[in-house]
Every structure is written in C-alpha cells, then in structure tokens.
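Below is one structure, written out as structure tokens; comments come after it.
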Amino acid sequence: MALEWDGPDPSGPVSYSGGDGSSIENAIVVHATNDLDDTLGVYAYIKKHFGYRWTFRRMERYVIPTDERLYDEYAFVTRDGKKHELYFQGREYSPEERKGSNQAIQRTAR
C-alpha cells in the first residue's frame, strides 16, 4: 500500500468565498495573508473536496488573465477517473504587472 502525502498546510488562516469554481464567473476566492498561503489554500480546498492532492493522476494549472484579475484553472483527474476543472480568482494586479503577464503565463501553463 502506497503512502499518501498531502503536502504542507497554509501557515496562517485561509478562508473561501465566491462561487463553486465551475467557471470564471463562479470562481472560488481564496483569502490568505500571502502568496504562498494563497496557493496552499487552493491545494487545501482541493484536498478537502476531492481527497489527497498527490493521489491525482494528473493536475495542470492554467493562468487566465482578464483586465483586472488573474484566474487560475486547475484541471485534474481523480483516482476514480473523473475529470474536474476548478477556477480560482487570483489577486488584482497593476497595469505594469499585466504587461509582463504573458511571459508568466507561458511559463505557468502546462
């Protein structure tokens, strides 16, 4: 029997609001105190609703820029073979950050 490691938890409190994650319009909003906890909060949400994150066969993350925010789409297949896509609302970003976002997106999308 393989051991399942579920990764680190956020270092501070994380809460969620928004929708059910089924689309950008219904994106889940993660409230955390820093970028690392924001990312770990996403993983904690997925773990809570779909099981241990390292048991997924495949997980991909796509960054979707809009005029004022970045959205993250997480696409994954759980052990039972079901495909899932969840959208999380990223933080607001400035026009300067938006200019460089295409390079970051190319590096992030897999």
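Some points to look at:
- Going by neighbour counts of Cβ atoms within 10 Å, the residues H84, H31 line up, fewest first, as H31, H84.
- Derived scalar couplings ³J(HN,Hα) [segment 32-39; Karplus, 6.51 cos²θ - 1.76 cosθ + 1.60; whole Hz; x for Gly, Pro]: 9, 8, 8, 4, 5, 5, 4, 5
Rule-based calculations on the coordinates, nothing more; no lab input. Quick caveat: nothing in here was measured; it's all calculated off a predicted structure. Using ideal geometry, Cβ is built from the backbone for each residue, glycine included, and neighbour counts are taken over all protein chains shown.
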